[in-house]
Structure formats: C-alpha cells, structure tokens
Amino acid sequence: MSHQIDIEKIRADFPILSRKVNGHPLVYFDNAATSQTPKAVIYAIVEYYEGYNANIHRGVHSLSQEATDAYEEARETIRAHFNAEKKEEIIFTSGTTHGINLVANGFASELKVGDEVIVSALEHHSNIVPWQMLCEKTGATLKVIPMTESGELNLDAYEELLSEHTKLVFVNHVSNALGTVNDIERIITKAHQKGAAVLIDGAQAAPHIKADVQALDVDFYVVSGHKMCGPTGVGVLYGKEEWLTKLPPYQGGGEMIDQVTFEKTTYAGLPHKFEAGTPNICGGIALGKAIDYLNAIGFETIAAYEHELLTYATEQLLEIEGVKIYGTSKEKTAVISFNIEGIHPYDIGTIIDKLGIAVRTGHHCAQPIMDYYKIPGTVRASFSFYNTKEEIDAFIQAVKRAKVMLS
Ligand code: 7TS
C-alpha cells in the first residue's frame with residue numbers, strides 16, 4: 001500500500017487538468033518543460049497578494065515582517081528538503097539557468113589558462129553555454145564526457161578526462177531530452193579525488209528524486225521551481241558554505257551589501273550576498289508550499305507510480321511500427337523521446353495537439369544529443385504523478401492517428 005497513489009484525489013488538486021484543449025480533455029505530457037500547479041501553491045500565491053504583499057528584510061512594519069517570515073520559512077523548507085547543513089547555503093534564484101550563470105560567473109576569478117572544466121554530452125544548453133562563456137573569458141578548456149547509444153554517459157571515459165588540471169565538473173542529474181538518470185555519486189566522488197568541484201543541474205531530477213546534498217557531498221545543486229509544481233521565475237542554488245563564501249557576488253545592488261560608500265562597499269553575509277534586489281518573494285513562498293505538497297505524497301510513491309506509467313507507455317508505443325525510442329537507459333525518469341520513421345516530430349506534435357495532447361517536439365535545448373543521433377529532434381512525452389494510464393491510451397491512439405495521416 002505504501003506506493004499507492006490516490007489518483008482521483010491528486011487530480012482534483014490540479015484545476016488545469018479538467019480543462020479541454022481543442023475540444024478534447026487535456027492530456028498534459030509536457031511535464032519536463034513545466035509541471036502543473038496544485039491548488040495549495042495557487043492559493044499560497046493568492047493569499048500572499050491578498051494578505052501580506054510587502055517587501056522583505058527591510059520594513060519594520062507588520063506586513064513586511066510577515067512576508068519576511070514566510071519567505072525565510074520557505075528557505076528552511078527547502079534546506080530541509082535537500083538536507084543542506086545550513087539555511088545560508090540556500091540561495092533563491094530565478095531558476096536553474098540563473099543558478100548556473102551565478103556559479104559560472106563566480107568561477108571567472110578561479111580559473112586560468114591550462115585549467116580544464118568538464119561537461120557532459122547529455123546537457124541542456126543552459127549547462128553548456130555559460131561554461132563556454134567562462135572558458136572564453138578565462139582561457140580554460142572545456143572537455144566533454146561522451147554518451148553512448150543508450151543515452152548514458154561513458155563514465156570510464158570521464159575518469160580518463162579527469163586530471164589535476166580539472167577544476168570543475170558540471171553534469172545534470174537527469175537528462176531533460178532522454179530521461180537518463182546519471183550516476184552522480186560516482187561523478188562527484190571521482191571529481192573530488194582530483195580536487196575538482198562539482199555542479200549538478202537538478203532541474204529534471206527535482207520533481208522525481210529527492211537529492212540529499214550532504215550525502216552526495218555535492219558542491220552546487222541547482223533546480224527550477226516551475227518543474228516541481230512551483231511557480232515560474234523562482235529556483236534554488238544550493239552551494240557549500242565554503243564555496244559561496246569564496247565566490248564573488250553575481251549582481252550588485254540593494255540587500256547584498258554590508259556597508260556602501262563611494263570609496264568601498266563590503267558585502268552582506270550568506271545568503272544575501274547572492275540575492276541582490278527585491279526577489280520573487282511570492283514565488284519563494286509558493287515554492288516552499290510546492291515542496292511540502294510533493295513530500296506529502298512522498299517521492300518513493302511518486303517514483304514508483306511514474307515508473308509504472310513509463311513502462312506502460314513504452315510498451316504501447318513500441319507496438320507501433322516504425323517507432324524508435326531514444327534513451328533506453330535502465331535508470332530513467334518518466335520521459336519518452338521518440339520518432340516515427342519518415343515523419344517529422346513537429347508534424348506529430350501538431351496533430352496530436354489537435355486531439356488535446358501536449359508534448360514537446362524539437363531538440364529540447366539539447367542539440368548535441370540530437371547531433372549524436374543524427375536527427376533534427378524528437379517527440380518528447382514526459383509524465384508526472386498526476387497522469388494516468390487512460391491518458392496514455394489517448395496519447396497512443398492519437399499517435400496512431402497522426403501516423404496514418406502523415407504516412
Ligand atoms: N537544465 C535542465 C536539465 C533542464 O531541463 C532545463 C529546462 C534547464 C536546465 C533550464 O531551466 P530553466 O527553468 O532555467 O529554464 N528544460 C526544459 C525542457 O526540457 N523543456 O523546456 C525546458
């Protein structure tokens with residue numbers, strides 16, 4: 001019983017799931033792009049703007065105090081969720097992209113010509129481009145962990161890339177395009193043996209896997225709120241205190257200072273040093289509620305149910321002639337990237353949208369993966385714990401129809 005999910009109850013928490021699209025019940029299979037939002041999170045946003053909207057950390061008045069308390073309570077919820085040792089190690093960002101850029105910017109003063117940084121072949125562009133920019137700025141060299149046909153990383157090759165020149169390794173926990181769960185424990189351990197720091201992009205893991213940053217001993221872990229049932233425009237950077245203390249601030253402005261004169265400014269302590277300006281206060285509070293919501297269901301329950309959906313959908317899809325699935329790693333989240341022989345993914349996505357089914361098509365901001373498979377893109381169906389087997393049946397019927405129409 002521990003893995004049973006009360007699907008009716010859960011679906012009732014998500015008002016959007018009962019709407020129609022193009023005259024058909026919405027089947028939302030684009031969860032890897034953005035998850036849907038439960039009432040608990042929607043109401044937290046409404047309650048904030050109706051009840052205590054005010055700027056934080058600066059007002060003596062009651063509203064400001066209430067908003068500050070709620071925001072800091074959310075930071076504590078996030079700390080506990082990721083098992084960070086200290087609240088100061090939790091930096092609110094606008095999302096994963098912001099978190100990665102913040103760290104990449106900080107490392108500009110850490111790197112020099114001859115240093116090496118390692119990325120993987122499975123990354124989203126937001127975990128590639130900031131590091132390329134960093135290498136351009138510093139003269140450091142970017143090395144790439146190769147991938148295999150099944151969409152996994154070749155970690156033996158990774159170990160050969162590591163050397164005393166390696167300063168930083170950045171890899172995603174879960175690939176957005178293929179769903180591969182990477183062996184980040186091994187990646188982190190091996191990097192640390194060479195004295196390199198590790199940033200894990202947890203954007204795609206956060207809705208499915210509860211990461212324990214202390215057990216992982218990871219240096220940086222970044223996530224986006226909008227992929228884990230929270231709102232858009234808010235995310236989290238976890239960083240070990242020693243690193244966050246060492247790295248320079250990313251942006252200058254209000255709230256990140258200790259003293260300002262025209263001669264010299266001293267910076268505030270953590271986490272404020274990295275939180276210049278008025279943050280997404282409501283977003284942070286709502287993200288805390290989203291994390292509470294996910295934990296109330298339980299990550300083991302979520303993973304077991306989503307795995308059932310993945311297995312069911314994979315079996316059904318492979319029965320359609322001409323279907324090829326990309327990413328067949330044993331450890332996978334509920335993502336299926338596929339093509340049908342001779343048909344462009346965009347055409348499938350467009351036709352099934354007419355039947356109410358939302359999937360993403362294209363390169364999924366992971367062009368190197370598409371280049372590896374020599375394809376322009378895929379159709380990507382990504383499932384969440386609020387999806388059902390009946391929705392998968394509707395999706396399979398729609399794909400079959402699209403195939404007939406496009407063949
Ligand atoms: N890293 C990974 C692994 C991602 O999947 C994404 C977004 C990002 C970083 C960037 O996150 P953001 O919130 O800062 O934009 N991935 C996707 C996707 O797969 N489809 O749409 C967005």
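Annotations
- Cross-chain or 6+ apart pairs with Cβ under 7 Å, region 35-52 first and without any contact (Cβ under 8 Å) to a residue 40 or more places away in the chain, then aliphatic (A, V, I, L, M): 52/63; 52/67
- Filter pass, residue 219 being away from the ligand (no atom under 16 Å from the Cβ), crowded, with 16+ Cβ neighbours inside 10 Å and among the charged types (D, E, K, R): yes
- Where residue 305 falls short, out of the listed (1) assigned by TED's automatic domain parsing to the domain that holds residue 393; (2) in a helix (DSSP H, G or I); (3) open to solvent by 50 Å² or more (accessible area, probe 1.4 Å): (3)
- Qualifying positions in region 130-164 - crowded, with 16+ Cβ neighbours inside 10 Å and either more than 30 Å from residue 330 (Cβ to Cβ) or modelled with pLDDT under 95 (or both): 130, 134, 135, 138, 140
- Residue in region 46-59 that is in contact with a Cys (Cβ under 8 Å, 6 or more places away or on another chain), within 16 Å of the ligand (Cβ to nearest atom) and under 17 Å from residue 288 (Cα atoms) present: no
- Here residue 278 meets each of (1) under 30 Å from residue 153 (Cβ atoms); (2) polar (S, T, N, Q); (3) part of a loop (DSSP other than H, G, I, E, B); (4) open to solvent by 50 Å² or more (accessible area, probe 1.4 Å) with one exception, condition (1).
- The condition of being surrounded by fewer than 17 Cβ atoms within 10 Å (Cβ to Cβ), in a loop (DSSP other than H, G, I, E, B) and modelled with pLDDT of 95 or more holds for only one of 85, 8, that being 85.
- Residue 372 under 23 Å from residue 204 (Cα atoms), buried (at least 18 other Cβ atoms within 10 Å of the Cβ) and of a type outside the set (Val, Ile, Thr): no
- Elements of type strands (runs of 3 or more DSSP E) in region 312-407, at least 2 residues being touching a Leu at 6+ places or on another chain (Cβ under 8 Å): 323-326, 335-340
- Scope region 238-274; condition touching a His at 6+ places or on another chain (Cβ under 9 Å) and in contact (Cβ under 8 Å) with a residue 40 or more places away in the chain; matching residues: 250, 255, 272
- Being within 15 Å of the ligand (Cβ to nearest atom), touching a helix residue (DSSP H, G or I) at 6+ places or on another chain (Cβ under 6 Å) and at negative phi holds for only one residue in 130, 146, and it is 130.
- Inter-residue pairs, beta-carbon under 6 Å, first over 24 Å from residue 398 (Cα atoms) and in region 355-381, second modelled with pLDDT under 95, 6+ apart: none
- Any hit, region 136-146, residues being touching a Ser or Thr at 6+ places or on another chain (Cβ under 8 Å) and in a helix (DSSP H, G or I): no
- Leading residue by the ranking (farthest from the chain's Cα centre (by Cα)) among those in region 88-104 that are open to solvent by 50 Å² or more (accessible area, probe 1.4 Å) and farther than 19 Å from residue 217 by Cα: 94
- Against the criterion of being of a type in the set (Asp, Glu) and closer than 24 Å to residue 281 by Cα, residue 8 does not qualify.
- Of all residues in region 222-239 being within 22 Å of residue 179 (Cα to Cα) and of a type in the set (Val, Ile, Thr), the one that is most open to solvent (accessible area, probe 1.4 Å): 232
- So residue 215, is it under 30 Å from residue 10 (Cβ atoms), assigned to a loop (DSSP other than H, G, I, E, B) and in contact (Cβ under 8 Å) with a residue 12 or more places away in the chain: no
- Some residue of region 111-119 being under 19 Å from residue 243 (Cα atoms) and within 16 Å of the ligand (Cβ to nearest atom): no
The values are calculated or read from the model by the stated rules, or taken from the named source; none is laboratory data. If you're wondering where the values come from, they're calculated on a predicted model, not measured in any experiment. Heads up, the Cβs are rebuilt from the backbone with ideal geometry, glycines too, and the neighbour counts pull from every protein chain shown. Each accessible area value is taken on the protein alone, full model and side chains, heavy atoms only, with ligands, DNA and RNA left out. Shrake-Rupley method; radii C 1.70, N 1.55, O 1.52, S 1.80 Å.
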